[in-house]
1. So, Leu89, is that one closer than 20 Å to Val27 by Cα, surrounded by 16 or more Cβ atoms within 10 Å (Cβ to Cβ) and among the aliphatic types (A, V, I, L, M) or not?
2. Taking the condition touching a residue at least 40 places away in the same chain (Cβ under 8 Å), in a strand (DSSP E or B) and touching a helix residue (DSSP H, G or I) at 6+ places or on another chain (Cβ under 7 Å), does Val27 pass?
3. Does Pro61 count as surrounded by fewer than 16 Cβ atoms within 10 Å (Cβ to Cβ), at pLDDT 95 or above, assigned to a loop (DSSP other than H, G, I, E, B) and not basic (Lys, Arg)?
4. How many of the residues making up segment 93-147 are closer than 17 Å to Leu47 by Cα and among the hydroxyl-bearing types (Ser, Thr, Tyr)?
5. Looking at segment 64-74, which of its residues are open to solvent by 30 Å² or more (accessible area, probe 1.4 Å) and assigned to a helix (DSSP H, G or I)?
6. Looking only at segment 122-148, which residues are among the charged types (D, E, K, R), open to solvent by 60 Å² or more (accessible area, probe 1.4 Å) and under 17 Å from Gly79 (Cβ atoms)?
7. Considering every residue within segment 78-94, establish whether at least one is within 16 Å of Arg128 (Cβ to Cβ) and either among the β-branched types (Val, Ile, Thr) or out of contact with any Lys or Arg (no Cβ under 9 Å at 6 or more places or on another chain) (or both).
8. Hey, among Arg112, Arg119, Arg48, Arg98, which residue is open to solvent by 60 Å² or more (accessible area, probe 1.4 Å) and in contact with a helix residue (DSSP H, G or I) (Cβ under 9 Å, 6 or more places away or on another chain)?
Amino acid sequence: APRPVGAMVSRTRPDSGAEYGTVTNIVAGPTNPAAPPLHLEQHGTELRGEVVLGGVYQGPPGLVHGGWIAALLDQALGGAANAAGVPCLTAKLDVDYRDPTPLNVPLQVAARVTGMERRKVFVSAEIRHNGEVTAEGTAIMVRIPLPG
């Protein structure tokens, strides 16, 4: 059945953890055909996953568009805070593009909480190809109350 746009849902991650999001989220919405096939799982204090991005995510020839890199990092950063039991919204996102990120190859994404201060949650993440960092992100997230 159709749900209102923006409906908040709780989903179970492959590692049995819970996450909150919208069904139409451009990066992780289960009903959004543009969402990349990124599935993040808890590994100790990190959230990790692997994704292969095809041609629809292309920016420069053969490379991932920088906007999609920022979106993947933002999703992982928020997911790490959520996995730590602190649902948040992004207040500030910084992305450092270290090397071009290629299309059609496995990319590893990892994120973790690095600190908390009242409502602020500090997180960091990176995207790797063949063990080399292609992009890094840090964010300040702000805690939000869960619906219901």
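The values are calculated or read from the model by the stated rules, or taken from the named source; none is laboratory data. It should be emphasised that the depicted structure is a prediction, and the values quoted were computed from it without experimental measurement. No Cβ is skipped: glycine too gets one built from the backbone with ideal geometry, and neighbour counts run over all protein chains shown. Areas reflect the complete protein model, heavy atoms only, side chains present, ligands, DNA and RNA absent. Shrake-Rupley method; radii C 1.70, N 1.55, O 1.52, S 1.80 Å.
1. no
2. Considered against the rule, which asks whether it is touching a residue at least 40 places away in the same chain (Cβ under 8 Å), in a strand (DSSP E or B) and touching a helix residue (DSSP H, G or I) at 6+ places or on another chain (Cβ under 7 Å), Val27 comes out as no.
3. Considered against the rule, which asks whether it is surrounded by fewer than 16 Cβ atoms within 10 Å (Cβ to Cβ), at pLDDT 95 or above, assigned to a loop (DSSP other than H, G, I, E, B) and not basic (Lys, Arg), Pro61 comes out as yes.
4. Summing the residues that are closer than 17 Å to Leu47 by Cα and among the hydroxyl-bearing types (Ser, Thr, Tyr) in segment 93-147 gives 3.
5. Matches in segment 64-74: Gly67, Trp68, Asp74.
6. Scanning segment 122-148 gives Arg128, Glu136, Arg143.
7. Within segment 78-94, none of the residues are within 16 Å of Arg128 (Cβ to Cβ) and either among the β-branched types (Val, Ile, Thr) or out of contact with any Lys or Arg (no Cβ under 9 Å at 6 or more places or on another chain) (or both).
8. So the residue among Arg112, Arg119, Arg48, Arg98 that is open to solvent by 60 Å² or more (accessible area, probe 1.4 Å) and in contact with a helix residue (DSSP H, G or I) (Cβ under 9 Å, 6 or more places away or on another chain) is Arg48.
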